[in-house]
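All remarks here apply to the structure that follows.
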Amino acid sequence: MRYLYYILGIFILATAVFVAFIGRDRASVEVSRPALVINDRIITQTELNERLTDKPHDMTEEQYIDSLIMQELLIQEALDRDIHQEESFRRSVESFYEQSLVKILLDRKYQDFNPEVTDKEVEEYKRLSGMEIQFTRRTYETRNNAQNNQNPSDVQTKTSPFVFLSDNLRFIFLSLEPGQTSGPRQTDEGYVTYRLDQTRPLKNPAPAADMDTQRIRNLIADQKQEQLYDKWAANLRQQADIRRPR
C-alpha cells in the first residue's frame, strides 16, 4: 500500500510540474508575441501597446505605427553606419540627458510654487492700466553698485502707458509707490533697477470693469512664480562651492 501511495505521489507531482511548465511557457509566448518585426528588431505587443499611449491625438493608430516603423528603419541605418560610436553622438546624448534632467527639475519646482494673488493686487493692476507711467531705468556693472546706487553705467527716463509695458515691468511697478526703486535684476547688460517717478491718468483709459480679471490673476501669479524661482536659484548659487581656477 505504501508503494502505491509513493507511485501516486510521484504521478501527482509530475503532473503538477508539467502543468506549471506548460502554463509558464504559454504565458511567456503571450507576453513576447511579436506585433511588429522590422528586419532583426522585434517589437512585442506589450511594447507596442505602451508606445501607443504616447500617440498624438491627431494621428490614427495606423499612422503612428507607420511612423514607428520609419523611425526604426532610420535607427538601424544609423547603427549600420556606426554613428552611435562617434564622439559627436556621445556629446549630443549627454547634452539631451542633462537638459532633460534640468527640465524635469524646473517643472517640478514651478509646481511647488503656489503664489497667492490678492484682490488688492488685481484692483491695483486695473487702476494702473488707466495710467501713463514715467520711470527711470538704471544699469550697473555689479550688484553691489546697484544696491548702493553707485556709478550707474546707463540712466534712461521713459514714459509709457502701463498697458504697453512688458509683463515683467508691469509686475515691478505694481508694488512700487512714486519715488520708490525696485531691487536689482540681472540682465545681459548688467544689473538693472527701475524707479517709479510718477503716474498720470490717460485721456481715454479702458474701464476697469472691462478687464479680464482671471487673465490679470494669471499674469501676476506667473510673475510671482518667476520671482520665487529667482530667489531659489540665487540661494542655490549662494550655498554652492563655486571656484574658477586660473
Residue selected from the stretch 175-195 under the condition small (Gly, Ala, Ser) and closer than 27 Å to Asp119 by Cβ, by the criterion surrounded by the fewest Cβ atoms within 10 Å (Cβ to Cβ) = Gly179
key: Among (1) among the aromatic types (Phe, Trp, Tyr); (2) more than 19 Å from Phe135 (Cβ to Cβ); (3) assigned to a strand (DSSP E or B), the one test that Tyr194 misses   = (2)
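Among what's in the stretch 200-246 and is among the basic types (Lys, Arg) and closer than 28 Å to Lys120 by Cβ, pick the residue that is farthest from the chain's Cα centre (by Cα).
Among those that are among the basic types (Lys, Arg) and closer than 28 Å to Lys120 by Cβ, it is Lys203.
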inquiry  = Any residue that is of a type outside the set (A, V, I, L, M, F, W, C), part of a loop (DSSP other than H, G, I, E, B), surrounded by fewer than 13 Cβ atoms within 10 Å (Cβ to Cβ) and out of contact with any Gly (no Cβ under 7 Å at 6 or more places or on another chain) - is there at least one of those in the stretch 144-153?
reply    = yes
key: Subset tally (residues that are loosely packed, with under 11 Cβ neighbours inside 10 Å, in a helix (DSSP H, G or I) and not hydrophobic (A, V, I, L, M, F, W, C)) for the stretch 71-99   = 11
query = Picking from Asn204, Asn218, which residue would you name as being over 16 Å from Arg138 (Cα atoms), assigned to a helix (DSSP H, G or I) and polar (S, T, N, Q)?
reply = Asn218
task = Go through Val102, Val122 for me and flag whichever is open to solvent by less than 50 Å² (accessible area, probe 1.4 Å), at pLDDT 90 or above and aliphatic (A, V, I, L, M).
result = Val122
ask   = Would it be correct to say that Val37 is at pLDDT 90 or above and either of a type in the set (Asp, Glu) or under 30 Å from Ala233 (Cβ atoms) (or both)?
value = no
request  = Look at Ile172 and say whether it is aliphatic (A, V, I, L, M) and open to solvent by 50 Å² or more (accessible area, probe 1.4 Å).
outcome  = no
query = If you go through the stretch 125-142 one residue at a time, how many are free of Cβ contacts under 8 Å to residues at least 60 places away in the same chain and part of a helix (DSSP H, G or I)?
reply = 0
inquiry  = Of the conditions (1) over 12 Å from Met131 (Cα atoms); (2) open to solvent by 70 Å² or more (accessible area, probe 1.4 Å), Asn204 satisfies every one except a single condition; which number is it?
reply    = (1)
ask   = Taking the condition modelled with pLDDT of 90 or more and farther than 28 Å from Trp232 by Cα, does Thr159 pass?
value = yes
task = Return yes when Pro56 is open to solvent by less than 70 Å² (accessible area, probe 1.4 Å), closer than 30 Å to Leu228 by Cβ, of a type outside the set (Asp, Glu) and in a loop (DSSP other than H, G, I, E, B) and no when it is not.
result = no
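The values are calculated or read from the model by the stated rules, or taken from the named source; none is laboratory data. Keep in mind that this is a model prediction, so the values were computed, not measured. For neighbour counting, all protein chains shown are included, and Cβ atoms are generated from backbone atoms with ideal geometry for every residue, glycine included. Just so you know, the surface numbers come from the protein's heavy atoms only, side chains and all, with ligands and any DNA or RNA stripped out. Shrake-Rupley method; radii C 1.70, N 1.55, O 1.52, S 1.80 Å.
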